[in-house]
Amino acid sequence: MSTFNMNEKDLKGKQKIKHEHIKNNTAVRKMLTESGIYPEKLAIEEDIKKLERKYTEEEVNQISDNKLLSSDILEIDISRISDENEIKKISNIIKNNQGNSTLRIYYGDNKDLKVIEKDIQINSEVINQLRKYLVITDSSVNYDE
């Protein structure tokens, strides 16, 4: 809808496009909530399954560090971790490796999965420390290299 209106109204500039995007999102949300649909209450698993293919742990381990190092974003899923020491270990990895790349962290339970992003320096040590939590999607790794 935003793209159509940008072209139709010949919108130029960041602020005009941003305003159009917000206006359209607000209108869509209003229509959904009037029908009793609240997007934040929908199960996130359904969206993820439709939008991206998750790889198995074996496939993750076969992806070379070079491919992961060339990525601007790493994604990890810590939603199944119940050991507080393991969470602290991951937290320390993030604190000790701040940088300009993005670490997308999925946490919470399956009914209320949340996502946060942290700045991180992607290097071989970080990849090895976080490998068992990595979430690899078709958009995460460029296979053309």
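The values are calculated or read from the model by the stated rules, or taken from the named source; none is laboratory data. Being a predicted model, the structure only gives us computed values, none of them experimental. No Cβ is skipped: glycine too gets one built from the backbone with ideal geometry, and neighbour counts run over all protein chains shown.
Taking residues in the stretch 123-139 that are under 13 Å from residue 67 (Cβ atoms), and partners anywhere that are in a helix (DSSP H, G or I) and at pLDDT 85 or above, the pairs with Cβ atoms closer than 9 Å and at least 6 places apart or on different chains are 134/127. Within the stretch 5-27, the set of residues being loosely packed, with under 10 Cβ neighbours inside 10 Å and in a helix (DSSP H, G or I) comprises 7, 8, 14, 15. Among the candidates 122, 116, 105, which residue alone is under 28 Å from residue 40 (Cβ atoms) and in contact with a helix residue (DSSP H, G or I) (Cβ under 9 Å, 6 or more places away or on another chain)? Of the residues listed, the single one that is under 28 Å from residue 40 (Cβ atoms) and in contact with a helix residue (DSSP H, G or I) (Cβ under 9 Å, 6 or more places away or on another chain) is 105.
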